Amino acid sequence: MKEEKNSRRSFLTKTIAGISGSVIATSIPLSALASNTNTEVLDAKHDFLTKPYLQAPTSDSITIMWLTNLLCLNWVEYGETEKLGTKAQQCAHGMMNTNSKINTVTLKNLKPDTKYFYKVFSKQILDFQPYKITFGNIISSETYQFNTLDPKAKEVSWLVLNDIHDRPESFGELIHLNQNEPYDFVFLNGDMFDYQTDEKQIIDHLLHPCSLFSAEKPFMFVRGNHETRGKFSRNLLDYYYNYNKKEYYTFQMGPVFTIVLDTGEDKKDSHPVYGGTVNYDSYREEQAVWLEKQMKSKAFKNAPFRVVMMHIPHYHSDEEHGTTECRRLFGTLFEKYKIDLFVAGHTHEYGMFEPNTDHSYHFVIGGGPETGIRTLIRIKANSKVLNLQMLNDSGKEIGLFTLNTKR
Ligand SMILES: [Fe+2]
């Protein structure tokens with residue numbers, strides 16, 4: 001029996017998953033991978049800059065990202081047991097993702113509602129000549145696990161953080177307040193930073209603090225107005241992977257259909273501080289057209305709960321240009337198509353507001369960033385009831401909404 005087991009292990013199924021969705025599966029001997037290990041001595045400095053982190057989970061796919069300090073060829077090995085057995089590499093336009101330090105692999109054709117184990121690998125590229133690529137050592141992570149979504153899930157729960165503003169310790173302190181309550185993912189509702197400077201800031205102030213959970217539970221992210229600022233703001237987008245690689249997106253988990261919008265900057269595009277480098281007016285208009293399409297979908301209409309999360313709240317806030325444009329473009333659609341719950345940040349003053357004459361839905365704003373006004377929002381829903389609980393950073397409950405489904 002033992003020999004048989006080992007002989008099965010001597011082959012890995014190689015799966016090449018293209019970004020376009022095409023998947024090619026072949027078998028390669030494990031020894032083909034092992035033969036590279038004799039180059040490990042060439043450069044002992046090759047190292048991971050982050051643990052792997054999970055993004056954009058669905059019932060049959062998940063995206064795994066990780067950073068390395070040197071250029072590499074990268075892949076993931078995964079399987080339903082700790083023996084792994086399947087290899088996946090990102091491939092686009094016939095080329096495998098190679099010579100990268102920001103490594104992304106989307107696993108596809110997974111089974112729904114299934115636990116998978118995975119490990120990431122990076123093979124250093126010492127020299128990339130047209131006809132001769134010289135590889136260095138291979139490094140690998142520990143083995144982690146994740147669950148694909150259950151398309152028939154009866155429940156979903158998640159945590160919301162917002163307005164951390166370059167205070168990395170806040171991630172752990174706030175998530176710790178959840179104690180051991182289960183959750184499916186963490187949503188980062190903007191302004192994790194003051195402004196974007198460089199990769200080190202993204203690692204130290206986002207990816208490392210999230211590594212508390214993100215090798216096994218995904219985080220999803222939407223920019224706040226502060227993430228649009230600074231010399232590295234255009235690069236920030238490379239470090240996470242939302243659904244369809246978009247900054248505004250939807251997802252359905254269990255009884256909840258969620259819409260995420262990117263609210264852009266707070267001031268007018270023509271404000272001198274932007275120096276003529278932004279066009280958020282058109283971007284919000286584009287999202288409004290997209291938003292209405294999402295709200296006409298069957299998935300939105302039939303979902304027991306319809307939730308919107310975005311950074312700048314269109315009420316209970318200031319009257320800056322970003323706020324009033326979000327109200328004009330998005331707020332009118334929220335009313336027309338009747339959302340159930342709205343969750344934002346931005347004001348640095350937490351609040352929970354019952355439906356009123358401005359908004360027919362429950363309206364929540366998380367606090368932060370200073371100690372004493374930070375919040376952890378916990379949302380949990382089944383097909384009948386959605387509970388939203390807000391905790392302050394001492395762990396005290398400061399608000400609770402219980403919504404019954406309307407459909
Ligand atoms: Fe903000």
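The values are calculated or read from the model by the stated rules, or taken from the named source; none is laboratory data. Just so you know, these numbers come straight off a predicted model, no measurement behind them. Positions of Cβ are backbone-derived with ideal geometry, glycine not excepted, and every protein chain shown enters the neighbour counts. Only protein heavy atoms, including side chains, enter the accessible area calculation; ligands, DNA and RNA are left aside. Shrake-Rupley method; radii C 1.70, N 1.55, O 1.52, S 1.80 Å.
Numbers at a glance
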{"item": "The range 191-205, residues that are open to solvent by less than 40 Å² (accessible area, probe 1.4 Å) and more than 16 Å from the ligand (Cβ to nearest atom)", "result": "Q201, I202, I203"}
{"item": "For G368: the one exception among (1) part of a loop (DSSP other than H, G, I, E, B); (2) within 16 Å of the ligand (Cβ to nearest atom); (3) over 23 Å from the mean Cα position of the chain (by Cα)", "result": "(3)"}
{"item": "Residue check, E216 over 14 Å from the mean Cα position of the chain (by Cα), more than 16 Å from the ligand (Cβ to nearest atom), open to solvent by 50 Å² or more (accessible area, probe 1.4 Å) and farther than 28 Å from K267 by Cβ", "result": "no"}
{"item": "Residue that is in the same structural domain as D163 (by TED's automatic domain parsing), under 26 Å from the mean Cα position of the chain (by Cα) and outside any loop (DSSP other than H, G, I, E, B), where the choices are I377, I398, I373", "result": "I377"}
{"item": "Residue match in the range 287-308 (condition: within 15 Å of the ligand (Cβ to nearest atom) and either touching a residue at least 40 places away in the same chain (Cβ under 8 Å) or closer than 18 Å to T58 by Cα (or both))", "result": "no"}
{"item": "Qualifying residue in the range 214-232 (condition: within 27 Å of Y78 (Cα to Cα) and modelled with pLDDT under 95)", "result": "no"}
{"item": "Selection count, the range 238-267, where residues are within 16 Å of the ligand (Cβ to nearest atom) and surrounded by fewer than 22 Cβ atoms within 10 Å (Cβ to Cβ)", "result": "2"}
{"item": "Residue in the range 222-235 that is within 24 Å of V278 (Cα to Cα), open to solvent by 10 Å² or more (accessible area, probe 1.4 Å) and aliphatic (A, V, I, L, M) present", "result": "no"}
{"item": "Residue count, the range 290-344 (criterion: open to solvent by 50 Å² or more (accessible area, probe 1.4 Å) and over 21 Å from Q252 (Cβ atoms))", "result": "8"}
